[in-house]
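Single-structure report; data block below.
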Amino acid sequence: VVGGGEKDADTFEESLKLKNTLDGIEEEAGASPSWEALSVIVNCEFRLYFINQDTPLRNNPFLSHWVETIQRLQNQLSTAPTTEYAPANTDNERIADRDIWVVRLGLIKALLQSRNVAQFTDKSPRQLYKDFVESQQKDSFDLGPYIRMLEEEDIYERTPEPTEPHARDNPATTHQNNSTSNNDAQRPRPSKLSDFQQWKKDVLTRLKTSPETATPELTHLPIELSSLDFLTTLLQEQTLQSHNIDPAPIISDYIQHALRLTEQMGESSSAGLASSASAGLGATTSVEDQLVDHGREAQTRAVKLLLLFIRNLIRKDLVGMEAIYFEIQEICVRYVWIREVREFRAFIEGVEGGEGRYGR
């Protein structure tokens with residue numbers, strides 16, 4: 001029987017593969033749109049949501065992916081040339097790139113709104129095309145609540161509440177590309193990760209030309225899925241080795257940095273307690289609420305994500321366990337109160353004792 005930690009690791013590994021596939025096929029679909037590309041995209045997005053659906057949405061590591069994809073596709077549709085609608089030519093298998101964007105956008109919005117994967121289980125890409133493109137349905141999707149979730153979880157930087165009542169409205173994204181207001185307040189607010197793709201291209205170039213400036217950035221990435229995904233990809237594709245860079249110190253330094261960040265999350269709860277102590281007597285926030293909301297929950301999420309990352313490295317032999325031995329020991333001692341840490345410790349002991357590669 002596979003334990004909960006093992007299942008989480010398998011989910012994390014599959015999620016990374018799906019995310020990598022989506023990143024690659026998106027460029028391909030833009031340059032050479034096809035029904036095959038649409039099929040890969042919608043199947044990956046559906047599977048990504050399906051295997052992570054048990055995680056509360058505000059804690060789901062892929063919420064930022066879905067929000068940013070919606071923002072990006074809406075922007076592409078709003079700036080693309082307006083054309084008259086014409087059904088895709090199914091005889092010669094042609095489909096427009098904007099049709100692929102509309103279908104992907106519609107699927108993500110529908111999954112987030114309904115939280116019901118069953119309605120899409122038996123639908124083919126062509127059926128989704130009919131639903132979202134041929135029907136030209138107008139949606140009333142509001143991205144604001146999902147952005148606020150990310151802000152409340154400190155994944156996005158908080159911004160002042162808009163003064164205009166419609167400031168959080170999103171641009172229209174129908175296939176006919178209805179005209180939208182030029183008011184900047186009506187556009188989705190760019191996330192602090194919106195330049196991440198450009199940063200990745202830049203750092204890949206600098207790894208080749210000036211690695212001394214690129215490697216410190218790799219070791220100081222945040223504890224976020226996009227960062228762990230990028231580091232894993234660098235190791236899988238042996239990008240660092242191709243530039244004569246030893247990956248072991250990079251990963252060791254990153255984990256040390258991540259542990260410092262995690263420790264600071266615990267300290268932030270004290271700041272929360274100090275602010276609540278100075279609040280009026282009518283304040284309802286309790287000491288326990290402050291500890292849970294601003295301390296242990298944040299630490300637990302960070303540690304669990306870090307454990308899945310490390311477990312993935314060990315299972316795939318991407319980094320030798322001896323290279324991160326002390327970091328592993330620190331996690332197992334400092335955060336022993338987290339159930340997944342105890343499971344991870346058993347996994348490590350199994351690997352060290354030769355009782356099975358995966359510690360089953």
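Points to keep in mind about this one:
- Residue separation of residue 220 and residue 237 scaled by 0.36 nm, minus their Cα-Cα distance, works out to 4.1 nm of gained length.
- Simple spin-label estimate for residue 23 and residue 330 gives 2.6 nm between the two label positions (7 Å along the Cα-to-Cβ direction from each Cα).
- Sorted by Cβ neighbour density within 10 Å, fewest at the top, the residues 79, 55, 69, 232: 79, 55, 69, 232
- Protection proxy ranking for 240-246, 103-109, using the average of other Cβ atoms within 10 Å per residue and placing the highest first: 103-109, 240-246.
- FRET efficiency, residue 213 to residue 122 (Cβ-Cβ, R0 41 Å, nearest 0.05): 0.20
- Rounded to 0.05, the FRET efficiency of the residue 200 and residue 244 pair, given R0 = 25 Å and the Cβ-Cβ distance, is 0.80.
Each reported figure results from applying straightforward, stated rules to the coordinates on display, with no laboratory input. Computed from a predicted structure; not experimentally measured. Please note: Cβ atoms are built from the backbone with ideal geometry, for glycine as well, and neighbour counts cover all protein chains shown.
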